[in-house]
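S.K.: Got a structure for you, questions after.
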Amino acid sequence: MVDVDDTLLTTRAAMSRAAATAFAELWPSVDPDRALLAGQRFRADPEGYFRAFTRGELDFATMRTRRVEAAARFLGHDVPDGARDRFHAAYEPVFQRLLRAYDDAVPLLHRVTGAGLALGALTNSGRDYTAGKLAAAGLDRLLPVVVTRDTLGFGKPDPRVFEHACSELGTRPGETVYVGDEYDVDVLGALGAGVRAVWLARDEPDPALLADARARDVPVVSGLDELPARLGF
């Protein structure tokens, strides 16, 4: 079982660039470098609005609105009329155009299915939005099971969503492996449900988190191509 964003898909880079484009549309006077910085901050979401959406505390539209409002505060601008709809109109075409599957994603998915293993995805994104992203990246037919935040109304790291994903796969938690890039949400969430976890750290991992992963005997990989050897399939 795999995460989607920044595990299979280049979401971080696509989001940052698309948000920068949308901010330039909302506030034409903003410096391009500052807009890109705001786009990166939009993806990082330091206010935690996406986490609130994950917990079922906000719907998608409210979450998106608050993140645009946070960008306005960061850039020192007022929120214009129709900001969310204007942001969406400018953001989505760029995001869809830039979104890609990592080079190691498709080979891994084929390797898993070729080995006769159950395969699925578990993501904190919404159902329809996830379907659009997977289709844009050409992965929509490669994942027979996709569990999203909308499936139960909440997402990772709640252990119940991992347990539900296992039931959808037809596997038991102890015989299931989950691969994701966010240590707290993916790795600790999976472990809390009794699911084996692999941490995908495509960039240099935080030393403290790396030490914690080693203490928990969690495999750490820098690419999906390392998984067959690490997991023996």
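S.K.: For the chain, modelled as a Gaussian network with Cα springs under 10 Å, which listed residue fluctuates most, Ala44, Ala115, Ala193?
M.R.: Evaluated over the chain, the most mobile residue of the options is Ala115.
S.K.: With Kirkwood's inverse mean 1/r over C-alpha pairs for Rh, give me the Rg to Rh ratio of the stretch 48-156, two decimals please. Don't skip to the answer; put the middle values down first.
M.R.: Details: Rg = 16.7 Å, Rh = 15.8 Å.
That ratio equals 1.05.
S.K.: Sequence-distant or interchain residues sharing an amide H contact under 5 Å with Tyr178, placed H: which?
M.R.: Amide H neighbours of Tyr178: Arg196, Ala197, Val198.
S.K.: While we're here: For the stretch 89-105, take each phi angle, set θ = phi - 60°, evaluate the Karplus expression 6.51 cos²θ - 1.76 cosθ + 1.60, and give the result in whole Hz per residue in order, putting x for glycine and proline.
M.R.: Working through the residues one at a time gives 5, 7, 6, 4, x, 5, 4, 5, 6, 8, 5, 9, 7, 4, 4, 8, 6 Hz.
S.K.: How long is the gain from Tyr129 to Arg97 if the chain were fully straight, where each residue apart is worth 0.36 nm and the alpha carbon distance is subtracted?
M.R.: Working: separation 32, 0.36 × 32 = 11.52 nm, distance 1.46 nm.
Full-extension gain reported as 10.1 nm.
S.K.: In nm, what is the difference between 0.36 nm times the number of residues separating Ala229 and Ala208 and their Cα-Cα distance?
M.R.: Details: separation 21, 0.36 × 21 = 7.56 nm, distance 2.54 nm.
Separation in residues times 0.36 nm, less the Cα-Cα distance, equals 5.0 nm.
S.K.: Moving to a separate point now. FRET efficiency for His164 and Glu47, Cβ-Cβ distance as r, R0 = 30 Å, nearest 0.05? Walk me through the numbers on the way to the answer.
M.R.: Values: r = 28 Å, r/R0 = 0.93.
E(calc), rounded to 0.05, equals 0.60.
S.K.: If you don't mind, another one. Compute the helix-to-body angle for 159-169: its Cα long axis versus the longest principal axis of the chain, expressed 0 to 90° and rounded to tens.
M.R.: Approximately 60 degrees, to the nearest 10.
S.K.: Which of the trypsin sites (Lys or Arg not before Pro) across the stretch 74-130 are loop residues per DSSP, with 16 or fewer other Cβ within 10 Å? Show your work: numbers first, answer last.
M.R.: Working: sites: Arg84, Arg86, Arg97, Arg100, Arg111, Arg127; in loops: Arg100.
Passing both the DSSP loop test and the Cβ count: Arg100.
S.K.: Do any trypsin sites (Lys or Arg not before Pro) in the stretch 138-174 lie in a loop, going by DSSP, with at most 15 other beta-carbon atoms within 10 Å of their beta carbon, and if so which?
M.R.: On the way: sites: Arg141, Arg149, Arg160; in loops: Arg141.
Within the stretch 138-174, the qualifying trypsin sites (Lys or Arg not before Pro) (loop, at most 15 other Cβ atoms within 10 Å) are Arg141.
S.K.: Still on this structure: Given Cα pairs under 8 Å that are at least 6 residues apart, what percent is the relative contact order of the chain? Write out the running numbers ahead of the final one.
M.R.: On the way: 358 pairs, mean separation 46.8, N = 233.
For the chain, the relative contact order is 20 percent.
S.K.: What nm distance separates the two modelled labels at His110 and Glu69, each placed 7 Å from Cα along Cα→Cβ?
M.R.: The two pseudo-label positions are separated by 4.8 nm.
S.K.: What ³J(HN,Hα) values, in whole Hz, does the Karplus curve 6.51 cos²θ - 1.76 cosθ + 1.60 give for the stretch 110-116 when θ = phi - 60°, with x put for Gly and Pro?
M.R.: 5, 5, 5, 5, x, 7, x
S.K.: A further question on this structure: So if we plug the beta-carbon distance of Asp59 and Asp33 into 1/(1 + (r/R0)^6) with R0 = 41 Å, what FRET efficiency do we get, rounded to 0.05?
M.R.: On the way: r = 33 Å, r/R0 = 0.80.
Once the sixth-power term is evaluated, E becomes 0.80.
S.K.: Pull up all non-local amide H partners of Ala121: gap of 5 or more, or a different chain, and H-to-H distance under 5 Å with H placed in the peptide plane.
M.R.: Here Val2, Val145, Val146, Val147 satisfy the definition.
S.K.: Calculate what fraction, in whole %, of the accessible area of the stretch 14-106 sits on carbon and sulfur atoms when a 1.4 Å probe is rolled over the protein chains. Display every interim value, and only then the final one.
M.R.: Working: 2340 of 4730 Å².
Carbon-and-sulfur percentage of accessible area, whole number: 50.
S.K.: Under a point spin-label approximation (7 Å from Cα along Cα-to-Cβ), what is the Asp85-Arg216 distance to one decimal in nm?
M.R.: Result: 4.4 nm between the two label points.
S.K.: Per residue, how big is the convex hull around the C-alpha atoms of the chain? Give it to me in cubic angstrom, could you? Don't skip to the answer; put the middle values down first.
M.R.: On the way: hull volume 27.6 nm³, N = 233.
Once divided by residue count, the hull of the chain is 119 Å³.
S.K.: So what is the accessible area of the stretch 130-233 per residue, in Å², with the probe set to 1.4 Å?
M.R.: Details: 4920 Å² over 104 residues.
Result: 47 Å² of accessible area for each residue.
The values are calculated or read from the model by the stated rules, or taken from the named source; none is laboratory data. From a predicted model like this one, the values you see are computed outputs, not experimental measurements. Glycine also receives a Cβ, built like all others from the backbone with ideal geometry; neighbour counts cover every protein chain displayed. SASA here: full protein model, heavy atoms, side chains in, ligands and nucleic acids out. Shrake-Rupley method; radii C 1.70, N 1.55, O 1.52, S 1.80 Å.
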